[in-house]
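Student: Handing you this structure, nothing more for now.
The values are calculated or read from the model by the stated rules, or taken from the named source; none is laboratory data. None of the values given here were measured: they were computed from a predicted structure. We place every Cβ from the backbone using ideal geometry, glycine too, and count neighbours over all the protein chains shown.
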Amino acid sequence: MFIAADRLTGWGWIALGADAGANPIGRIRALLADKSDGPRVALGTALPGVDGFRRSHGQAQNARRVAIAAGSASPRIVAASEPGLTPAALLSGDIGETRAWVRETLGPLANDSKNDRLLRETLRVFLREGGSYKAAAEELNLHFNSVKYRVQRAISRRGCPIEDDRLDVELALLVCHRLGTAVLEG
């Protein structure tokens, strides 16, 4: 089913049977991967029944909201099932308030500069990997000591340790990763 929402946006639903396979989103990504001029797509997860239909549409709208807030930095295909997308969508409802909170949480690390972006990404991966320098180094394809230096530099740049408000720091880093310049300081 397809419904035109406006001149540039359409909502589409694909009925999936039990034989659709384990990864319909992966199949959609593969289908559109080599189409550089293809559409920008926001996907919900495949859920059963009428309530699932509604929930999936809501998820797709959340994914779309994140993609719009991220602007040109957003990938062409965004799926609600991607880690961190739902919290970013919830926080994208009031970008001004979210930007202020990110700045309060990350301090100068919330600046939109190449150096701060590298430090934020290293700290985000380090925290996601449970504080493991080794796992973060493998994920980022960096030397262990490089990760350790960047994490220490990120904490120093923030201006205070992360032990007391680690969850806030992780969430702020996730929002920066998802929403990019929309929540960063010029």
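Student: Among the residues of the range 115-122, is there at least one that is of a type in the set (Lys, Arg), touching a residue at least 24 places away in the same chain (Cβ under 8 Å), out of contact with any strand residue (DSSP E or B) (no Cβ under 7 Å at 6 or more places or on another chain) and under 18 Å from residue 67 (Cβ atoms)?
Tutor: No: the range 115-122 contains no residue that is of a type in the set (Lys, Arg), touching a residue at least 24 places away in the same chain (Cβ under 8 Å), out of contact with any strand residue (DSSP E or B) (no Cβ under 7 Å at 6 or more places or on another chain) and under 18 Å from residue 67 (Cβ atoms).
Student: Further, regarding this structure: Can you tell me which of 51, 112, 94 is surrounded by fewer than 16 Cβ atoms within 10 Å (Cβ to Cβ) and either in the same structural domain as residue 8 (by TED's automatic domain parsing) or farther than 28 Å from residue 159 by Cα (or both)?
Tutor: None of the other options fit; the residue is 51.
Student: Among the helices (runs of 4 or more DSSP H) confined wholly to the range 37-152, which include 1 or more residues that are closer than 16 Å to residue 11 by Cα and within 19 Å of the chain's Cα centre (by Cα)?
Tutor: Passing ranges, in order: 49-70.
Student: Quick check: anything in the range 122-143 surrounded by fewer than 17 Cβ atoms within 10 Å (Cβ to Cβ), modelled with pLDDT of 95 or more, in the same structural domain as residue 107 (by TED's automatic domain parsing) and touching an Asp or Glu at 6+ places or on another chain (Cβ under 6 Å)?
Tutor: yes
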